[in-house]
Structure formats: C-alpha cells, structure tokens
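In what follows, a single structure is set out as structure tokens and then discussed.
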Amino acid sequence: MSKELKMNREYLMEENPPFPRNMLMELTNICNHNCVFCHYKNMTRKKRKCNKEFSFYIMQQAYDNGTREIGFYMIGEPLLNPDIEKYIKKAKEIGFEYVYLTTNGALADLEKMKKLINAGLDSIKFSINAGTSEHYKFIHGKDDYIMVKENVRALGRYIRNENIDLNVFISFVKTKITDSDSRFLHRDFADYVDKIYEFDCGTQGTPMKELIEKNIVDKIKSGSMPCEMVFNRLHVTCEGYLDACCVDADGMLTVADLHSVSLKDAWNSEIMRDLRKQFIDGKLKKNVCYNCVHNTNDMVYPLNDMLYKSLQKTSDTYDKRINK
C-alpha cells in the first residue's frame, strides 16, 4: 500500500466544531529561504523562536483535549530551531500518534535526520519548488538545489538500507517559471521518496495579483471557500498565540494569547466563532481571509488589534496599516 500525505481531513462547518485532532506548531518564524510566492519576505512580525517549556505545556493541553497529530512548521524553517528533536521526542512521550514536519531541506543533512528519526518522527515533507539549480535559486532565493538533492537522496538511501518506517514526500509548488520542471524533479528524487506532490501556485500570504504582475504566475487561483482549517486545525505561533491560519506571516489572524487563556477556550472563543460564521454564511468581513478567497489586496484589519500590535517589529507598522 503506497504512502500518502494526510490531506483533506474531515470537518464540520459549525460555529463550535469538535476540538481538532490536528495541530501545527511554529517552532520559529525565521526562514533561511525567501521564496517568491511566500509572504515571509515582507513579514512584519518580530523574528523569534518559541519557548520550549511553554510549547510543551500547549502540546499537553492539545493532547488532553483530543489532538493526536502534530506538525512542527508554519512560517519559518523548523530545522533552524536547535531543539527540534526535543519537540519531536516530547510529542511522542505525550502520546501523539503522528508527528511530522515540512522543511526546505537545506539543513536536513543525514546526521540531523537520524536524530529526528530516533526522536520519533513519522513523516517529513520537503518543499522543493524547482527542478533545476537556476530555477531553484530564483524561486527559493538561495542556490541550495544540489545540497537539498544530496540531503534527500542520503535520507532515502538510509531509510531503505535500514528498513526504517518514515514517510518521505516532496511538495512542488508550480509557477510560470517552473511549470516544466516536473520531469527533472521525478528524475532526481522519485527513487528516494514515497511520492512527489504537485500544486498550482496559490496564495501563501502574498496576493496573487502581485505574483501575476511579477510574471510568477499567469492566472489567479482562489483560496478555499470555506477554508477547512478554521474548522479542523489548531495553529500555534512561536509567540504562543492561537492563529486561524498556517500562512499568516504578519499575525493578522491572531486569535488569542495562550499565556492568558486555555487552548480549548481560545478554539471556542468569540473571535473564532465569528470567523467560522463568516465562512458558513459566505460573507467574509474585511480580514485576510477575504483577500485570500477573493484574490484582492484590499485594506483589511486584524482579528485581534491588541495581539497584532504586540507582534510588530515597530509600533508604526501597526499605526500605518490601521490608519491607512
């Protein structure tokens, strides 16, 4: 039986859906790459890593309320957190059934991967968005294609030779520049991973119209309506906040500070219920979700003004946006 990515998880379109079985935790919002379609390059949040002990506390809360799957990634590159194997080990000690991460692979040398495997990692997905060194440098902003290829192949050989049960995938976000690169990716990686997934370029926080203007894509792809993640997944940022979205680089969809409210109460908070109702009714307010679904770059507002302001690099980042 072939291995597959876990996608399209079930959800109930209700204002108060069941507590999610799945959670993403952002170990850092710092990245070593600068992909053209990702909003990271324009991120206004302060850069930081998460607090380990507090993250463990949140992980335990999630598990106690029914979460059984945890992924360690959101905006940043998770391998930049030097304690990543400790997070994986802790997740397994708590009882999580499926522990996974997504990485660009530049830091995933075999010695690092052995540590993650020994800690209990179940699945890893490499984000490789080009099939040649030239295209990779343009898309990722770093000339790391050869190094990533060597890392993925070394891992593939190791788990095959040692008969290790680790799911290994590649995700390839296609752009106008890389539309014909699929054959190169399959040539270089097909024998070393379980499956290569190809996706049309959609919004990763950067408006699609901007990508069209820069000749990165030639058509507009709408965001999901409804967006299932507000109904079936937790997103915990490196600051220790609950967020409604996995690609919210600036914190516009920050919901609650988990230092002052429980994870369960944050999930059932008025802000989250109101956002879900917007999707249920098909009437999104002027928030980031509106721009994502409608492919606009309209002036939008934070879900939580106070928390959004606390995340910004400078105070005038907030003032300029709100008073625009």
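The values are calculated or read from the model by the stated rules, or taken from the named source; none is laboratory data. Computed from a prediction, not measured in an experiment: that's the story for all the values here. Because the Cβ atoms are built from the backbone with ideal geometry, glycine has one as well, and the counts that use them run over all protein chains shown. Note: accessible area is taken over every heavy atom of the protein model, side chains too, but ligands, DNA and RNA are not part of it. Shrake-Rupley method; radii C 1.70, N 1.55, O 1.52, S 1.80 Å.
Of all DSSP beta bridges located in segment 1-132, what percent are antiparallel, nearest 5? In segment 1-132, approximately 10 percent of DSSP beta bridges are antiparallel ones.
Classify segment 22-311 as rounded, prolate or oblate, taking a ≥ b ≥ c as the square roots of the eigenvalues of its Cα gyration tensor: rounded when a/c is under 1.5, otherwise prolate if a/b is larger than b/c and oblate if not.
Numbers: a/c = 1.91, a/b = 1.15, b/c = 1.65.
Judged from the Cα gyration tensor, segment 22-311 comes out oblate (a/c at least 1.5, b/c at or above a/b).
Take the chain, connect every pair of alpha-carbon atoms lying under 10 Å apart with a spring to form a Gaussian network, then pick out the residue of PHE56, PHE96, PHE169 with the largest mean-square fluctuation. Maximum fluctuation in the GNM of the chain, among the listed residues, is at PHE56. Considering only VAL247, MET43, PRO20, and ranking their Cα positions along the charge dipole of the chain that arises from unit charges at the beta-carbon of Lys, Arg, Asp and Glu, the one farthest toward the positive end is MET43. Taking the chain, the Cys residues with no second Cys beta-carbon under 4.7 angstrom are CYS31, CYS201, CYS227, CYS245, CYS246, CYS289, CYS292. For the pair GLU198 and LYS41, a Förster radius of 25 Å applied to the C-beta separation gives a FRET efficiency near 0.60, rounded to the nearest 0.05. Magnitude of the charge dipole for the chain, about its Cα centre and with charges confined to Cβ atoms of Lys, Arg (+1) and Asp, Glu (-1), is about 380 debye. Springs between alpha-carbon atoms under 10 Å, Gaussian network over the chain: tell me which of PHE279, PHE54, PHE231 tops the mean-square fluctuations. Greatest mean-square fluctuation among the candidates belongs to PHE54.
Based on DSSP, what percent of beta bridges with both residues in the chain are antiparallel, to the nearest 5?
Numbers: 8 of 34 bridges.
Of the beta bridges lying entirely in the chain, close to 25 percent run antiparallel.
With R₀ set to 41 Å, the beta-carbon distance separating LYS209 from VAL261 gives a calculated FRET efficiency near 0.70. Straight-line cross-link reach from LYS283 at under 28 Å between alpha-carbon atoms covers these lysines, not counting any fewer than eight positions away in the same chain: LYS209, LYS219, LYS221, LYS264, LYS309, LYS320, LYS324. Full extension of the segment from ALA154 to LYS176, taken as 0.36 nm per residue of separation minus the current Cα-Cα distance, would add 4.9 nm.
Taking amide H atoms as placed 1.01 Å from N in the peptide plane, the amide H of LEU234 lies under 5 Å from those of ASN22, MET23, LEU24, each 5 or more residues away in sequence or on another chain. Could you work out what % of the accessible surface of segment 22-311 is carbon and sulfur, using a 1.4 angstrom probe and leaving DNA, RNA and ligands out of the count? On segment 22-311, the fraction of accessible area on carbon and sulfur atoms equals 46 percent. Placing a pseudo-label 7 Å from each Cα along the Cα-to-Cβ vector at ARG273 and ILE164 gives an inter-label distance of 4.7 nm. Modelled this way, with points 7 Å down the Cα-to-C-beta line, the labels at ASN51 and SER133 are 4.5 nm from one another. Note on segment 16-69 and segment 218-272: Cα centroid distance 10 Å, given to the nearest whole angstrom. Roughly what would the spin-label model give for ASN118 and MET306, points 7 Å off Cα along C-beta, in nm? Calculated label separation equals 4.5 nm.
Full extension from GLU228 to LYS285: what is 0.36 nm times the residue separation minus their Cα-Cα distance, to one decimal in nm? Let's see the in-between values first.
On the way: separation 57, 0.36 × 57 = 20.52 nm, distance 1.72 nm.
Length difference between fully extended and current span is 18.8 nm.
Counting Lys +1, Arg +1, Asp -1, Glu -1, what net charge surrounds CYS227 among other residues with beta carbon under 11 Å of its beta carbon? Walk me through the intermediate numbers first.
Numbers: positive: ARG233, ARG276; negative: GLU228.
Cβ neighbours under 11 Å give a net charge of +1.
Tell me, in nm to one decimal, what length is gained between ASN32 and ARG187 on full extension, where the rule is 0.36 nm per residue of separation less the Cα-Cα distance?
Numbers: separation 155, 0.36 × 155 = 55.80 nm, distance 2.58 nm.
53.2 nm is the gain from fully extending ASN32 to ARG187.
For the chain, modelled as a GNM whose springs connect Cα atoms under 10 angstrom apart, the maximal fluctuation among ILE58, ILE128, ILE164 occurs at ILE164. Backbone geometry of segment 165-179 corresponds, through the Karplus equation with coefficients 6.51, -1.76 and 1.60 at θ = phi - 60°, to 3J(HN,Hα) couplings of 8, 10, 6, 10, 10, 10, 10, 10, 8, 7, 10, 4, 6, 10, 4 Hz, x marking Gly and Pro. Dipole check for segment 139-181: with +1 at the C-beta of Lys and Arg, -1 at the C-beta of Asp and Glu, and the Cα centre as origin, the magnitude is about 80 Debye.
In segment 254-295, which trypsin sites (Lys or Arg not before Pro) are in a loop and have at most 14 other Cβ atoms within 10 Å, using DSSP for the loop call? Spell out each step's value before the answer.
Details: sites: LYS264, ARG273, ARG276, LYS277, LYS283, LYS285, LYS286; in loops: LYS283, LYS285, LYS286.
Answer by residue number: LYS283, LYS285, LYS286.
Using a 1.4 angstrom probe, figure out how much accessible area segment 22-311 has per residue, in square angstrom, rounded to the nearest whole.
Numbers: 11890 Å² over 290 residues.
Per-residue value: 41 Å².
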